[in-house]
Structures are given as C-alpha cells and as structure tokens.
Amino acid sequence: MSSELFYKPVTELSSLLEAKTVSSVELTQAVIARTKAVDTKVKAFNSFDEADALAQARASDERRAAGQARGPLDGIPVGIKDVIAVDGQPLTASSKMLANFVSPYDSTVTKKLKKAGAICWGRLNLDEFAMGSSTENSAFHTTCNPYDLERVPGGSSGGSAAAVAAGEAIVSLGSDTGGSIRQPAALCNVVGFKPTYGLVSRFGLIAFASSLDQIGPFSRSVEDAAITLGAIAGHDPLDSTSFKTEIPNYRDELKKRKGPWRLGIPKEYFGQGLDPEVAAAVEKAISYYEKMGCEVKNVSLPHTEYGVGVYYIIATAECSSNLARYDGIRYGHRSKDAKDIIDLYFKSRAEGFGQEVKRRIILGTYVLSSGYYDAYYLRAQKVRTLIRQDFLNAYKEVDAILTPTSPTPAFKKGEKAANPLAMYLSDVYTIGVNLAGLPGMSIPCGFSKSGLPIGLQLIGQPFQEAELLSIANAYEKAHDWATITPNL
C-alpha cells in the first residue's frame, strides 16, 4: 500500500492530525501537489481553489490547537461533484449552460461537511447534468480511468470516483440517480455508497430526476464511507422528501455488528451480458460470505427486466420538467443573437445543452405529453411499484442482496458513444435500487486479467445503512483490493 498521505484513509489521517504528527495544511498541500501532478492525465477536476482550501486547512489547525476539533473529518480534503452547491464556488453541472455560474449558497450537505470541519476541495467532473455512465458527456473534458487512461471511469460521478482512486481527494461526494455513485466506484476500485432515498438532503443538488437522485460518498474504505455518511445524513426541512429518522453512529455500528447474515443472490443479475471475469470475481466474493457462516440463498426479482425501460421513462420525464428552468432568462447560458423571446428560448437551450441532455429532454417531454402520459409515465410508475415490491418480498427471507455492480469492467473511451442503448445497459444492475429507493453500495472485489477493477454491489433494506456497511466491512477486512492503487 502506498505510504503517501493522500492515499491514507480518513481514520488514519484523523489520528495523525489528533497526534499533531501532521497538520491539515500539510495534508491539504500533499493533496494539492498530487492533484497538480496527476490531474493533467486523469482530468477528474473541473476547477479547484488552492488558496481557499489552504485557508480552510489553517482554520482546522487553529481549531485543533485550541482543543476544538470537530471529529474525524476535521481537516480532511473532500472533493465535491460539480452539481452540489458550495457557496462562492463554480456550479457548472459540466454543462455550457452553467459554464460561468457561481453558487450563491451552500447545499445542505456542504453545510454539514463544513460543520464537521471538512475541507471542501474542488469541483469534480461529471456527465453533463449527471446524465451518462462514462463522463464522456461532460461539456468540458472526459475524465480518464486512473487504472487505464484509455478507458472511462464510469459515470455520471466519474470525476468523484477517479479523484479518490488517484489520490486527488481523501473522500468525495457524488450523486446517484441510476447508479452514478456505484458504477464509477466499481470501475475505479473505490467504495461508493448510495443511501436510502430521503436519508441525505437534496437541497442544493442540481436536480436531474427528483424522485431518484441521492447524494452519497466515495472513499477508499468502508469505514471512511461510514464516517462521511454520518456527517451528511439527517433530516432537512429545506428538502420536502427528506425523511425523519434516527441517524446512528455508523462507524460504531460497524464494530458492533458481526453477522452472520442471510444474503440473497438474484438469478436475474447473473444472466446474459455479464462479463465472465466479473461473474467469477463476484462469485468468489459470495463464496467468502458462505465460508464465514452466512446463509446464502437464491432469490428472485422478477420485474428486473423492466428496470431499464421504466427508469428511462421516469428519469427523462423528471429531467424534462427540471431542466425547463434553463431558458436563458434569469441565469445560465443566454444566446447572443436571438431576435425575440421565443427565439431566445430556442437558441439558448440549443447552444447550452449537449446531445445526451437534449435526447433525454425530448424523450421526457414526449412521455409526459397529452395522449402519451397514461401509456408511458403512469404505466412506468406502476411497474416501479412492482420492482420495489420484488425487493421488499426478498427481504422477508434475507438481510441484504449481493450482485455485480457493473456488467463489465471499464470500457474504452468512445466504445459506446455511438450507441446510447449499449451505454444505458451499463446501469442495468444499479437502476432497480434507485427505483425502489433502497440503500446500495459498491466495494472492490477483484481485478480482470488486464488489471481493471471489478465491484461487488450490496443492496440493503430501507434505512438499514448500518447493516449494509457492516456486511461490506466484513468482506473488506479479509481482502486488500482497495490497497491496489493505480500506477500514474
């Protein structure tokens, strides 16, 4: 394992800061130096503010000197996906539409990170408006997979996953609408956690599909994910979909819960289209749980085959509605050569949005249009209920479900660009979790023969994050996949 500061987990760094062996300024300088050294290759960041990060680090060191440290995240640089508002920082959604926009306020998760003493570090690249599975849809640049620069890091939170994998952030935040945290985590050999819908506030997150979006952490260990989730979770009156529930100390719970657990393997996730090397790595991980005494049983999620279709109706309908606000009037890109107000709408949106975003707006507007609403949107919502019920039925017999995260390891840049459907199928194993509003995570579980990371997906019961983290932790403690860092 790399001994550099930027590859150490939060738990270890927190101890070093506590012992004053390292200062937050030194840690932040190490992360900045690493970013400058490798980000020309990885391209995880859209922008970063060095002076601001160092000022936050100095404030953390002063708190610590005064005996006022705010917990394990105090003084730790956390990268933030460029759809999450940070006061005074760019908020672009990797789109020309918002290329010059600066956020006038903090999102709730940003406020919570600041309250925990974390250093908000940089703006991480994504597929434009979080629409994509490869970060190739960014209006600015494609992020590269740190394990193979010719390949994609996954998406839409590709910058957030790549930054943690490459040592450019200690942990990071992403958002997950159909797999956008878990799929890039699998492709970049990091831990990615998508919480139960409503556990983490969406206030200050640029909306893509409001009934599916959820913010969550990327980290190099399950314990770091538990610490970061604990900092950002909790009810928020500013988000009408935020859920009132007790937030346990996820890190403490990790140490208490030891299993054995009842684990379900859905047959629908191990069929056609699954890469044999991914299948082998995931099956090996499942057999580890069997060896540790877990009861592993087959379960069925019969409506899985409808997941992609249902998702691309609901998500595009909500995207069409949410993106109507970008009209060139109050903020965002405004066309310079419009003749009248209608022309201004047309031209501003045509110039500001990329191909994939336009494709989804058109699809969403169609399924919501008069005469098609019942046939598409309403029917999709009914099938969504059936998909959720499949999971709830399975949980009568098991504590959690294990599946591959992505059907294949990272693919080459441009490989699926001409075929949107092939790209959409990259999320075939992750979409159901969002439709059902469940917690899901991806943890490293091996590498392909060509050295590409493979992820294991764990899907938990609603608001049972502590259980899910414990199950993941049991596997991670016995394997060292996460310590295999990319050669940059």
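The values are calculated or read from the model by the stated rules, or taken from the named source; none is laboratory data. Note that the structure is a prediction, hence the values are computed from the model and not measured. We place every Cβ from the backbone using ideal geometry, glycine too, and count neighbours over all the protein chains shown.
Per-residue answers, yes or no, for (1) touching a Phe, Trp or Tyr at 6+ places or on another chain (Cβ under 9 Å); (2) under 18 Å from residue 220 (Cα atoms):
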{"site": "117", "(1), (2)": "no, no"}
{"site": "127", "(1), (2)": "no, no"}
{"site": "161", "(1), (2)": "yes, yes"}
{"site": "189", "(1), (2)": "yes, yes"}
{"site": "197", "(1), (2)": "yes, no"}
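Of all residues in segment 360-414 being among the polar types (S, T, N, Q) and at pLDDT below 95, which is surrounded by the most Cβ atoms within 10 Å (Cβ to Cβ)?
Applying the filter and picking the extreme gives 369.
Quick one: residue 325 ticks every box in (1) surrounded by 15 or more Cβ atoms within 10 Å (Cβ to Cβ); (2) farther than 23 Å from residue 135 by Cα; (3) not β-branched (Val, Ile, Thr) bar one, so which box is it? Residue 325 satisfies all of (1) surrounded by 15 or more Cβ atoms within 10 Å (Cβ to Cβ); (2) farther than 23 Å from residue 135 by Cα; (3) not β-branched (Val, Ile, Thr) except (1).
Out of all the residues in segment 54-73, is one or more in contact (Cβ under 8 Å) with a residue 60 or more places away in the chain, under 21 Å from the mean Cα position of the chain (by Cα) and under 22 Å from residue 192 (Cα atoms)? Yes, some residue in segment 54-73 is in contact (Cβ under 8 Å) with a residue 60 or more places away in the chain, under 21 Å from the mean Cα position of the chain (by Cα) and under 22 Å from residue 192 (Cα atoms).
Each row is one residue, and each column tells you yes or no for (1) part of a helix (DSSP H, G or I); (2) under 25 Å from residue 134 (Cα atoms).
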| site | (1), (2) |
| --- | --- |
| 382 | yes, no |
| 390 | yes, no |
| 416 | no, yes |
| 426 | yes, yes |
| 434 | yes, yes |
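Checked against (1) out of contact with any helix residue (DSSP H, G or I) (no Cβ under 9 Å at 6 or more places or on another chain); (2) within 22 Å of residue 301 (Cα to Cα); (3) touching a residue at least 12 places away in the same chain (Cβ under 8 Å), residue 396 meets all criteria but (3). Taken over segment 18-57, the criterion of being out of contact with any helix residue (DSSP H, G or I) (no Cβ under 6 Å at 6 or more places or on another chain), crowded, with 20+ Cβ neighbours inside 10 Å and on the phi < 0 side of the Ramachandran plot is satisfied by 35, 38, 39, 46, 48, 56. Please indicate, with yes or no, whether at least one residue in segment 262-283 is more than 30 Å from residue 382 (Cβ to Cβ), of a type outside the set (Gly, Ala, Ser) and either in contact with a helix residue (DSSP H, G or I) (Cβ under 6 Å, 6 or more places away or on another chain) or free of Cβ contacts under 8 Å to residues at least 12 places away in the same chain (or both). Scanning segment 262-283, I find at least one residue that is more than 30 Å from residue 382 (Cβ to Cβ), of a type outside the set (Gly, Ala, Ser) and either in contact with a helix residue (DSSP H, G or I) (Cβ under 6 Å, 6 or more places away or on another chain) or free of Cβ contacts under 8 Å to residues at least 12 places away in the same chain (or both), so the answer is yes.
Go through segment 243-276 and report how many residues are polar (S, T, N, Q) and either surrounded by 18 or more Cβ atoms within 10 Å (Cβ to Cβ) or within 20 Å of residue 295 (Cα to Cα) (or both). Working first, answer last.
Of segment 243-276, the ones polar (S, T, N, Q) are 245, 249, 272.
Filter once more, so that each one left must be either surrounded by 18 or more Cβ atoms within 10 Å (Cβ to Cβ) or within 20 Å of residue 295 (Cα to Cα) (or both): none.
Adding up the residues that qualify gives 0.
Could you tell me which of the residues 436, 466, 400, 478 is hydrophobic (A, V, I, L, M, F, W, C) and in contact with a strand residue (DSSP E or B) (Cβ under 6 Å, 6 or more places away or on another chain)? None of the other options fit; the residue is 400.
Take residue 106 and decide whether it is surrounded by fewer than 21 Cβ atoms within 10 Å (Cβ to Cβ) and either within 17 Å of the chain's Cα centre (by Cα) or more than 30 Å from residue 415 (Cα to Cα) (or both). Against the criterion (surrounded by fewer than 21 Cβ atoms within 10 Å (Cβ to Cβ) and either within 17 Å of the chain's Cα centre (by Cα) or more than 30 Å from residue 415 (Cα to Cα) (or both)), residue 106 qualifies. When the residues of segment 110-137 are filtered to those that are aliphatic (A, V, I, L, M) and in a strand (DSSP E or B), the one that is farthest from residue 416 (Cα to Cα) is 119.
Only one of 311, 331 is in contact with an Asp or Glu (Cβ under 9 Å, 6 or more places away or on another chain), closer than 29 Å to residue 203 by Cα and not in a strand (DSSP E or B); which? Let's see the steps before the verdict.
On the way: 331 fails: in contact with an Asp or Glu (Cβ under 9 Å, 6 or more places away or on another chain).
From the options 311, 331, the qualifying one is 311.
Could you tell me whether segment 142-153 includes any residue that is among the charged types (D, E, K, R) and assigned to a loop (DSSP other than H, G, I, E, B)? Scanning segment 142-153 turns up at least one residue that is among the charged types (D, E, K, R) and assigned to a loop (DSSP other than H, G, I, E, B).
For the residues 231, 285, 207, the requirement of being modelled with pLDDT of 95 or more, out of contact with any Pro (no Cβ under 8 Å at 6 or more places or on another chain) and under 18 Å from residue 403 (Cβ atoms) singles out 285. When segment 458-484 is limited to residues that are in contact with a helix residue (DSSP H, G or I) (Cβ under 6 Å, 6 or more places away or on another chain) and outside any helix (DSSP H, G or I), the one that is farthest from residue 183 (Cα to Cα) turns out to be 460.
Yes/no matrix, rows are residues, columns are (1) among the charged types (D, E, K, R); (2) more than 16 Å from the chain's Cα centre (by Cα); (3) closer than 30 Å to residue 414 by Cβ:
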position	(1), (2), (3)
86	no, yes, no
93	no, no, yes
101	no, yes, yes
113	no, yes, no
120	no, yes, no
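The lone criterion from (1) among the polar types (S, T, N, Q); (2) buried (at least 23 other Cβ atoms within 10 Å of the Cβ); (3) touching a residue at least 60 places away in the same chain (Cβ under 8 Å) left unmet by residue 142 is number (2).
For residue 82, are the conditions met, namely being buried (at least 20 other Cβ atoms within 10 Å of the Cβ), acidic (Asp, Glu) and closer than 18 Å to residue 169 by Cα? Talk me through it step by step, then tell me what you get.
Working: buried (at least 20 other Cβ atoms within 10 Å of the Cβ): yes; acidic (Asp, Glu): yes; closer than 18 Å to residue 169 by Cα: yes.
Yes, satisfied.
Evaluated against (1) surrounded by 15 or more Cβ atoms within 10 Å (Cβ to Cβ); (2) touching a residue at least 12 places away in the same chain (Cβ under 8 Å), residue 338 falls short on exactly one condition, (2).
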